[in-house]
Amino acid sequence: MQNGKRFFLACVGILFSHYPIAAQQETTSGAARLVALSNTIVSSESPGIVREVLAKPGANVAKSTSLIRLNDELFSAECDVARAELEIANLEALNRVHVEYANKSAEVAAAVLQKSVQANQIFSRSIPETEIQKLKLEWEQSRLSGEQASMEFDTAQWARILKERRVQAAKVRLDSRTVRAPFGGKVAQIYVQPGQWINAGEPIVRLLDSHRLRAEAYFNEDLIRQVKAGQRARFEYRLGGQTYVVAAEVTFVGVEIVEGIFQVWAEFENAKGLHLPGTEGRLILTSEND
């Protein structure tokens, strides 16, 4: 008899530990359903033929994980050509031979002209005026050649930058042939298969992140002034003969009433993935003193 009494008291203790009635006075409750905050249908930004489906149904994937790969042979070739053009541009951008040669020629021409002028000043008309004019022309040509070589060198620098941008653009186009996960989550559905042609924007994978869930519930319009964002709540449901209770927080209160009811959202962390989207239960709103 004593054993039976102790067992009863233990059961009561467990019950109160899960449902502290004195501490949680219910203000109201409503039917609710769990949804994942991140539930996205991933699409391709460009058309093409599916070469490979890398995602597996039900698999957990990290952010930026490759999901599918489209035909990319042409894009890969364009990327190789752009890289080769960049290598040539780099060589031209580093080549200062023309600039240095032109500058040196201008220096020599200027020195010859100066000596010729000085010689005429010492020995009148030792060098004909026509020769002096020719030397001036040669110096002017050398000087202009130096300026042109400098401009060509600067142009080569800009050409190198342009080739770098083209390589980057080619890499972006090539990278777009692989569709990646926009966030970490679980692969819920796959809509394509290898060899299939897809258009831009066509669904390929549905990705679900259930690390944070939202209980979406509906309440009678008479209660809309009583529910506040930030209010504590709990979501209760039964599954497999077991009752689950999860603490949550109200994050949204409906801004309109439709056919006598309004919507309430309450969110909670689901780091271990114990609770599943689609689960139906009740959202219980608690008083401020709970």
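The values are calculated or read from the model by the stated rules, or taken from the named source; none is laboratory data. Computed from a predicted model, the values in this text were never measured in an experiment. No Cβ is skipped: glycine too gets one built from the backbone with ideal geometry, and neighbour counts run over all protein chains shown. To get the accessible areas, we keep the full protein, side chains included, count just its heavy atoms, and leave off ligands, DNA and RNA. Shrake-Rupley method; radii C 1.70, N 1.55, O 1.52, S 1.80 Å.
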Ranked by accessible surface with a 1.4 Å probe, highest first, in what order do Arg212, Arg51 come? Arg51, Arg212
The Cα extents of the range 212-290 along the principal axes, largest first and rounded to whole Å, are 34, 28, 20
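From the square roots a ≥ b ≥ c of the eigenvalues of the alpha-carbon gyration tensor of the range 166-212, which class results: rounded (a/c under 1.5), prolate (a/b over b/c), or oblate? The partial results should precede the final answer.
On the way: a/c = 3.29, a/b = 1.45, b/c = 2.27.
Oblate shape, in that a/c is at least 1.5 and b/c is the bigger or equal ratio.
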What is the list of residues in the range 249-279 whose amide nitrogen lies under 18 Å from a point 7 angstrom out from the Cα of Lys228, following Cα to Cβ? 249-255, 264-267
Where Tyr244, Tyr237, Tyr191, Tyr218 fall by accessible area, highest first, once all protein chains stay in place (1.4 Å): Tyr218, Tyr191, Tyr244, Tyr237
Could you state the accessible area per residue of the range 166-274 in Å², with a 1.4 Å probe and every protein chain left in place? 57 Å²
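How large is the charge dipole for the range 170-214, taken about the Cα centre, if only the Cβ atoms of Lys, Arg (+1) and Asp, Glu (-1) carry charge, to the nearest 20 debye? All intermediate terms of the calculation are to be shown ahead of the outcome.
On the way: 8 positive and 3 negative charges, 33 e Å.
So the magnitude is around 160 debye.
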In whole Hz and in residue order, list the ³J(HN,Hα) couplings for the range 249-265 that follow from phi through the Karplus curve 6.51 cos²θ - 1.76 cosθ + 1.60, θ = phi - 60°; x for Gly and Pro. 9, 5, 10, 8, 10, x, 9, 8, 10, 10, 6, x, 9, 9, 9, 9, 10
